[in-house]
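The values are calculated or read from the model by the stated rules, or taken from the named source; none is laboratory data. All figures in this text were calculated on a predicted structure; none of them were measured in a lab. Neighbour counts run over all protein chains shown; Cβ positions are idealised from the backbone, glycine included.
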Amino acid sequence: MNMLKTAVLMTGLTLILVYGGAYLGGRSGMTMALIFAFGMNAFTYWFSDKIVLKMYKAKETTEAESPELFSMVRRLAQRAQLPMPKVYIINQPQPNAFATGRNPDHAAVAVTTGIMRILNFEELEGVIGHELAHVKHRDILIGTVAATIAGAISYLAHMAQWAMIFGGRDDDEGGNPIVGIVMMIVAPIAAMLVQMAISRSREYVADEGGAKIAGNPLYLASALKKLDAASKQIPMQAEPATAHMFIVSPLSGKGFANLFSTHPPMEERVARLEAMRRGY
């Protein structure tokens, strides 16, 4: 169901680009914005692992340095039928983790020192399973495609804004200036909301896949409860652009801010995992 939801959301994002882009920038403007967005995000996609790992000062660890963690990742990767990813440790007190890499052959799993401190062995297995599920489902690629389309819509809105300042659209192109202003405001917001919804949908899929890899959904459910509570108490210096990569959001947000959250409500994630227990 979540795979279908992702497909529907991606289709919706594409339609916003096609119809909103056609109005804001015409065919040529839409093509230019898409090429520009694709170029930027292709670079990010290709070098995403190096960029984000360096950003959080992650240090690659070896089996000799972290035998239990390394052994756990290897065993779960084999169970998921994935190549062994690189393993990194981030010296951060907030318990958290993320996976990165453009494909399963170039993947990395990073955990904070905080997460290894508060989770037991089974709970950490649930977290590693979740991150390996992201790798298996190629969520970095899905996120990059979504970011490319959303970025193109944003660029189109900026192009339309400058075009309006310096003379607006030609009369033969038609178009109501009031509608144009509304489109400049609504289209980027709508694209961002859909992009966030795609990210939340992928978290549900990774939760389900991670539970299967770990062998018990309650491992991850228990871990998420601890991580959610701890992340609210222990701050972390995190870039909003990379917040979606973490298993729980390193940023705090309540009420209206949840609409723009890259993560689903924790209560819903835990409830879904606990419901899965009946099948085990």
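Cβ-Cβ distances below 7 Å connect the following pairs, each with a first residue in region 186-205 that is within 13 Å of H244 (Cβ to Cβ) and at pLDDT below 85, a second residue that is hydroxyl-bearing (S, T, Y) and assigned to a helix (DSSP H, G or I), and a separation of six or more residues or different chains: I198/T6.
Does G126 qualify as being touching a residue at least 24 places away in the same chain (Cβ under 8 Å), within 23 Å of P217 (Cβ to Cβ) and in contact with a helix residue (DSSP H, G or I) (Cβ under 7 Å, 6 or more places away or on another chain)?
Here the answer is yes, as G126 does meet what is asked.
Whether a residue is buried (at least 22 other Cβ atoms within 10 Å of the Cβ), modelled with pLDDT of 90 or more, of a type in the set (D, E, K, R) and in a helix (DSSP H, G or I) was assessed, and E131 passes this test. Looking across A97, A64, one residue alone is among the small types (G, A, S) and crowded, with 16+ Cβ neighbours inside 10 Å. It is A97. Would you say R75 is without any contact (Cβ under 8 Å) to a residue 24 or more places away in the chain and either farther than 14 Å from F246 by Cα or of a type in the set (D, E) (or both)? Yes. Scanning region 143-160 for residues that are crowded, with 22+ Cβ neighbours inside 10 Å and either out of contact with any helix residue (DSSP H, G or I) (no Cβ under 6 Å at 6 or more places or on another chain) or of a type in the set (D, E) (or both) yields a single hit, G143. Would you confirm whether or not region 163-177 contains a residue that is in a helix (DSSP H, G or I) and at pLDDT 75 or above? Within region 163-177, none of the residues are in a helix (DSSP H, G or I) and at pLDDT 75 or above.
Go through region 76-88 and give me each residue that's under 14 Å from A214 (Cβ atoms) and surrounded by 13 or more Cβ atoms within 10 Å (Cβ to Cβ).
Of all residues in region 76-88, those under 14 Å from A214 (Cβ atoms) come to 76-80, 82.
The answer is L76, A77, R79, A80, L82.
Of all residues in region 51-69, how many are aliphatic (A, V, I, L, M), assigned to a loop (DSSP other than H, G, I, E, B) and in contact with a strand residue (DSSP E or B) (Cβ under 7 Å, 6 or more places away or on another chain)? Before the answer, list the steps.
At the first step, the residues of region 51-69 found to be aliphatic (A, V, I, L, M) are 51-53, 55, 58, 64, 69.
If we keep only those that are assigned to a loop (DSSP other than H, G, I, E, B) too, we end up with 58, 64.
Checking the rest, the ones that are also in contact with a strand residue (DSSP E or B) (Cβ under 7 Å, 6 or more places away or on another chain) come to 58.
The total comes to 1.
Screening I142, I118 for residues that are modelled with pLDDT of 95 or more, β-branched (V, I, T) and in contact with a Lys or Arg (Cβ under 7 Å, 6 or more places away or on another chain) leaves exactly one candidate, I118.
If the requirement is being over 18 Å from the mean Cα position of the chain (by Cα), crowded, with 21+ Cβ neighbours inside 10 Å and under 30 Å from I16 (Cβ atoms), which of these qualifies: M245, M183?
Details: M245 fails: over 18 Å from the mean Cα position of the chain (by Cα).
None of the others qualify; the one that does is M183.
Within region 222-233, residues that are among the basic types (K, R) sit with their Cβ atoms under 6 Å from residues that are at pLDDT 95 or above, at 6+ positions apart or across chains, in these pairs: K226/I118. Quick one: is F47 farther than 20 Å from L220 by Cα, out of contact with any Leu (no Cβ under 6 Å at 6 or more places or on another chain) and of a type in the set (F, W, Y)? Spelling it out, F47 is indeed farther than 20 Å from L220 by Cα, out of contact with any Leu (no Cβ under 6 Å at 6 or more places or on another chain) and of a type in the set (F, W, Y).
Looking only at residues in region 43-61 that are under 17 Å from D139 (Cα atoms), out of contact with any Phe, Trp or Tyr (no Cβ under 8 Å at 6 or more places or on another chain) and in contact (Cβ under 8 Å) with a residue 12 or more places away in the chain, the one that is surrounded by the fewest Cβ atoms within 10 Å (Cβ to Cβ) is W46.
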